[in-house]
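The structure appears right after this line, and notes come after that.
Each value in this text was obtained by applying a stated rule to the coordinates, not by laboratory testing. As the structure is a prediction and not an experimental result, all values here were calculated from the model. Note that each Cβ is placed from the backbone with ideal geometry, even for glycine, and that neighbours are counted across all protein chains shown.
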Amino acid sequence: MAKKIKRNSLGAWAFLIGIVVAVTIGVFSAQVTGQAQEIMLWLLIFLGIIVGLLNITNKESSSFLLVVVSLVIVSYFGRTILMIIPVLGNMLWALLILFIPTTIIVALKSVFEMAKD
């Protein structure tokens, strides 16, 4: 039981940190360039993988995938439209970088779960 609570806590913290990093990238993207921006982007990818592995259970995966795929599509097209406000466009771009690895991990977990049955 304690292991499950710790696992969920790590996934929740990874999600929260990922959202904070994505917002930070959006707000300060003009000031953050080069290697610092690359490190932040790799951090988002890593956090997305952690969230996908630890935070989403098999029971939640179907509804999560529906919501996140919608979010990814809207973020992609919304970024294009919202680039007139660069802060919002960059936030959506950073959220895409966080959610795409999460979506891939959860989708793969769902496929393996269906294949087991």
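Condition check: in a helix (DSSP H, G or I) and surrounded by 15 or more Cβ atoms within 10 Å (Cβ to Cβ). Does ALA115 satisfy that?
no
Residue-wise test of (1) loosely packed, with under 13 Cβ neighbours inside 10 Å; (2) within 12 Å of ILE100 (Cα to Cα); (3) touching a helix residue (DSSP H, G or I) at 6+ places or on another chain (Cβ under 6 Å).
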{"residue": "ALA36", "(1), (2), (3)": "yes, no, no"}
{"residue": "TRP42", "(1), (2), (3)": "yes, no, no"}
{"residue": "ILE45", "(1), (2), (3)": "no, yes, yes"}
{"residue": "GLY48", "(1), (2), (3)": "no, yes, yes"}
{"residue": "ILE56", "(1), (2), (3)": "no, no, yes"}
{"residue": "VAL68", "(1), (2), (3)": "no, yes, yes"}
{"residue": "ILE73", "(1), (2), (3)": "yes, yes, no"}
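Considering only residues of the stretch 55-73 that are over 15 Å from the mean Cα position of the chain (by Cα) and assigned to a helix (DSSP H, G or I), which is nearest to LYS116 (Cα to Cα)?
The residue in question is SER62.
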